[in-house]
């Protein structure tokens, strides 16, 4: 249950893009929102439709949603299939939500000059007025090196007596066709299987060829079993 907000004259928007540093930004935003007693919103922007977003980022999005919800965020916004610059989207959302503070991440090692010149922030300032910006230092090496999955491969899910398994050949036991994203750095078939069911994108976790977790459907609150 959402806690009553003491200050509705302040509102915070956390902008996350990719990688484990997104968690740090959300937690920072939650801490500030808790101190101020004001609403918090989280936004991620991607130029691709959600179905085409990489398995890496989809995994992070699910994690960000859980963290934001656990810390009382009002809403988690995914603006996918966006062809406009991110600053335009951020500005639009900020205006719609009457945002007064925006939290963004920037690497002090490789983008320090950009921060000093204020290019990204200045662009936002030209789009949004009377907003305070919090630029949180992040570890760029973690952002760049943390590729969780290899490129996707066409695969299938087949039903057996003891459960559902990953397969790379079509046969009479196949119940779903989709794309398998294998975890990097492993010789086993561990990773994520993505497919479309009833018009919704679903994800299954695979461990040693076997489905180990129920389907997570984007846009749905509940988790559904693949048994039916």
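Between residue 197 and residue 168, what length in nm is gained on full extension when 0.36 nm per residue of separation is reduced by their alpha carbon distance?
Full extension of this stretch gives 8.5 nm more.
For a footprinting-style exposure proxy, rank 154, 95 by other Cβ within 10 Å, fewest first.
Ordered by Cβ neighbours within 10 Å, fewest first: 154, 95.
With the Cα gyration tensor of the stretch 44-101 giving a ≥ b ≥ c as the square roots of its eigenvalues, does the rule (a/c under 1.5 for rounded; else a/b larger than b/c for prolate; else oblate) give rounded, prolate or oblate?
Oblate is the answer for the stretch 44-101, as a/c is 1.5 or above yet b/c matches or exceeds a/b.
Order of 165-173, 50-58, 67-75 by packing, highest average Cβ count within 10 Å first?
50-58, 67-75, 165-173
So if we plug the beta-carbon distance of residue 210 and residue 52 into 1/(1 + (r/R0)^6) with R0 = 25 Å, what FRET efficiency do we get, rounded to 0.05?
0.40
Apply 1/(1 + (r/R0)^6) to the Cβ-Cβ distance of residue 153 and residue 23, taking R0 = 45 Å, and write down the FRET efficiency to the nearest 0.05.
Efficiency at R0 = 45 Å is approximately 0.95.
Please compute the length gained on full extension between residue 63 and residue 132, using 0.36 nm multiplied by the number of residues separating them and subtracting their Cα-Cα distance.
Contour length minus Cα-Cα distance gives 22.2 nm.
Among 77-83, 158-164, 43-49, how do they line up by average Cβ neighbours within 10 Å per residue, starting with the highest?
43-49, 77-83, 158-164
Taking each pair of distinct Cα atoms in the stretch 153-217 once, what is the resulting Kirkwood hydrodynamic radius in Å?
Value: 11.7 Å, from the Cα pair sum.
Read the figures in this text as sums done on the coordinates, not as results from a lab. As the structure is a computational prediction, the values presented were derived from the model and not from experiment. All Cβ positions, even for glycine, are placed from backbone atoms using ideal geometry, and neighbour counts span all protein chains on display.
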